[in-house]
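Here the structure is laid out as structure tokens; the discussion comes afterwards.
The values are calculated or read from the model by the stated rules, or taken from the named source; none is laboratory data. Given the structure is predicted, the values throughout are model-derived calculations rather than measurements. Cβ coordinates were reconstructed from backbone atoms using ideal geometry, including for glycine residues, and neighbour counts include every protein chain displayed. These accessible areas exclude ligands, DNA and RNA; they are computed on the full protein's heavy atoms, side chains included. Shrake-Rupley method; radii C 1.70, N 1.55, O 1.52, S 1.80 Å.
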Amino acid sequence: MIRGVELRDAGDITAIYNYYIKETIITFETEEIDTAEMENRIRKILDAGYPFIVYEENNKVTGYAYVGKFRERSAYSESLETSIYMDINEKGKGIGRKLYKRLIELSQEAGAHVLIGVVSYPNLASQRLHESIGFEKIGVFKEVGKKFGKYIDVEFWSYILGKDK
């Protein structure tokens, strides 16, 4: 079931996210966070009026997605950056696609015009997800991150809301 996030979800969300911090280049964070920090992040997104949703199964959050500011300047106010993370044991079941489609709907209702997905490379699963939903790859920044001792490229994917997909 997809529903709006609640602060009580912070523990499950933290566990999902910390895996990606420790084991992957998908996030450029390098230090694990605690539940209190995740609660602060959830509050910040919700206080800004942005969608933050979770996928819950058997009373456990197995995936989550949200949008936040793309950049600080006011002219970017209708452009939002997306984030989506799945429990590593739940990948490949179509849940991420369902979450992303719902996030797109909620973002449009919130007045967004463009969604921007930021994908560290390589990440074939995320690339395929963005492409299958209708995002267009718009650029690559070469070697802008460094994690686990190597430089990492970042792709930007764009989805213009309101267009027929």
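Assorted remarks:
- Cβ-defined net charge surrounding Glu90, 11 Å radius [Lys, Arg +1; Asp, Glu -1]: +1
- Taking every protein chain into account, the accessible area of segment 1-91 amounts to 55 square angstrom per residue (probe 1.4 Å).
- The length gained by stretching the chain between Arg3 and Val114 to full extension, at 0.36 nm per residue less their Cα-Cα distance, is 37.7 nm.
- Potential extension, Lys91-Glu136 segment - 0.36 nm per residue separation minus Cα distance: 14.0 nm
- Result for the chain in a Gaussian network model with C-alpha springs under 10 Å: among Ser132, Ser120, Ser74, the largest mean-square fluctuation is at Ser74.
- Summed side-chain charge close to Glu31 - residues other than Glu31 whose Cβ falls under 11 Å, Lys, Arg +1, Asp, Glu -1: -3
- Approximating the spin labels as points 7 Å out from Cα along Cα→Cβ, the Ser83-to-Arg43 distance works out to 1.6 nm.
- Element breakdown for segment 1-126 at a 1.4 angstrom probe: carbon and sulfur atoms account for 45% of the accessible area.
- Between Lys60 and Glu31, the simple spin-label model (points 7 angstrom out along Cα→Cβ) gives 2.9 nm.
- Mean Cα-pair separation over length for the chain, i.e. relative contact order, pairs under 8 Å, 6 or more apart, %: 19
- Extended-chain gain in nm, criterion 0.36 nm per residue less alpha-carbon gap, Tyr76 and Lys147: 22.7 nm
- Unit charges on C-beta of K, R, D, E only; dipole of segment 6-165, Debye: 480
- Among the DSSP helices (H) of the chain, those spanning at least 15 angstrom by Cα along their long axis with an average Kyte-Doolittle hydropathy of -1.0 or more are 10-23, 35-47, 95-109; this is a geometric and hydropathy rule only.
- Largest first and in whole Å, the equivalent-ellipsoid semi-axes of the chain read 21, 21, 16, each the square root of five times a Cα gyration tensor eigenvalue.
- Given +1 at the Cβ of Lys and Arg, -1 at the Cβ of Asp and Glu and no other charges, the dipole of segment 1-87 around its Cα centre is 320 debye to the nearest 20.
- Per-residue ellipticity at 222 nm from helix content only, as computed over the chain with -39500 (n - 2.57) for each DSSP H run of at least four residues, stands at -10000 deg cm²/dmol.
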